[in-house]
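These notes are about the structure you will find just below.
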Amino acid sequence: MSSADGSISIVIVDDHALVRDGLNEILGAQPDLRVVGQAGNSADALTVVSRERPDIVLLDVEIPGAEAADTVHAMSRLSPDSKIIILSMYDGPQLLRRLFGAGIRGYLLKSVHQNELVAAVRSVHAEPERIVLSVSRDCLSQLDRSPREILTEREREVLELTAEALSNCQIASMLALTEATVKRHLRNVFIKLDAVSRIDAVNKAIAASLITPPARLRAEVPTRLTTAPAQPAERGSQAAVARQRTPGSSPGAPGRRYRPQG
């Protein structure tokens, strides 16, 4: 909460120490701004926010731990008067919808000038109903569209199979498409999600709730080596030991990670 001298108290949450140090230096140079805490993951962030009850929280959207929207909800319960401004490298409209629904007061790309950041902090603190937004024009144009309209049904199908680590050839076979068509759908997905790779596209789609995370990501638990029931053997009576297969490994090649093609 604001100090007796009227300065604005701020907590910085980012998993990169260099970024935190940079923000701390920028904000600390302002006479009316005061950094009261820092954190590098969602759990530590909740602890610091609960203790400090800051006026402003600068929250990196991709910190380790809970999803950003869940972290925002938790912060709001712990410190209802704290106003949360998201810092992000990208500006997907679906993610913006979720975060504004969670109660954030600002969303800034990390490419903003330091003067814009300082102005946003002061503006959000001074005006209770003010929302600060610094995103691309294309993102703004999509905010009024339904999330399901961003990707076509076929694009979602292709991306969900991509998330299962299938190759373009395998996806084409499963969906009765040509491999060239699969590549075209993925290219369109990359453009719509501003993704630079298959993994990037999958992560952004999951974060924006456009696709369902594959089972191997929903339950990331170690696979145990199991012993199969003893089978009769022509030579010897050794029990057959079931081979361990890791998520994403190709059939018949236990322990070897499958690498998607295309």
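Can you list the lysines whose alpha carbon sits under 29 Å from that of residue 110, skipping same-chain ones fewer than 8 residues off?
Once the sequence-local lysines are set aside, what remains near residue 110 is 83, 192, 204.
So how far apart, in nm, are the two label points at residue 122 and residue 47 if each is 7 Å from Cα heading toward Cβ?
3.4 nm
Once phi is turned into ³J(HN,Hα) by the Karplus curve 6.51 cos²θ - 1.76 cosθ + 1.60 with θ = phi - 60°, what whole-Hz value does each residue of the range 179-195 show in order, with x for glycine and proline?
With coefficients 6.51, -1.76 and 1.60, one gets 5, 5, 5, 4, 4, 5, 4, 5, 4, 5, 5, 4, 5, 5, 9, 6, 9 Hz.
Let me know the charge dipole size of the range 8-142 about its Cα centre in debye, to the nearest 20, where only the beta-carbon of Lys, Arg (+1) and Asp, Glu (-1) is charged.
300 debye
Hey, with R₀ at 22 Å, roughly what FRET efficiency would residue 173 and residue 153 work out to, going by the Cβ-Cβ distance, to 0.05?
In this case the efficiency is close to 0.70.
Would you mind ranking 75, 174 so that the residue whose beta carbon has the fewest other beta carbons within 10 Å leads the list?
174, 75
Would you mind classifying the range 7-78 by shape? Square roots of the alpha carbon gyration tensor eigenvalues, ordered a ≥ b ≥ c; an a/c under 1.5 is rounded, otherwise it is prolate if a/b is larger than b/c and oblate if not.
Oblate, since a/c reaches 1.5 and b/c is not below a/b.
To make sure I understand, if each residue's beta carbon is the centre and we count other beta carbons within 10 Å, what order do 113, 16, 125 fall in, fewest to most? Numbers along the way, then the final one.
On the way: 113 9, 16 12, 125 20.
With the sparsest Cβ surroundings first, the list reads 113, 16, 125.
If each residue of separation counts as 0.36 nm, what is the full-extension length gain between residue 78 and residue 7 once their alpha-carbon separation is subtracted?
Roughly 23.4 nm would be gained on extension.
Normalising by the residue count of the range 149-218, find the relative contact order in percent from Cα pairs under 8 Å and 6+ residues apart.
36 percent
For the range 8-142, what is the relative contact order in percent, using Cα pairs closer than 8 Å and at least 6 residues apart in sequence?
Averaging sequence separation for qualifying contacts and normalising by length gives 21 percent for the range 8-142.
Looking at the square roots a ≥ b ≥ c of the eigenvalues of the Cα gyration tensor of the range 149-218, which shape do they give, rounded for a/c under 1.5, prolate if a/b is larger than b/c, or oblate? Intermediate values should be presented prior to the final figure.
Details: a/c = 1.66, a/b = 1.22, b/c = 1.36.
Oblate is the answer for the range 149-218, as a/c is 1.5 or above yet b/c matches or exceeds a/b.
Taken together, the values in this text are just the output of simple stated rules run on the coordinates, not laboratory data. Note that the coordinates shown come from a computational prediction; the quantities given were computed from them, not determined experimentally. So basically every Cβ, Gly included, is an ideal-geometry build from the backbone, and we count neighbours across all protein chains shown.
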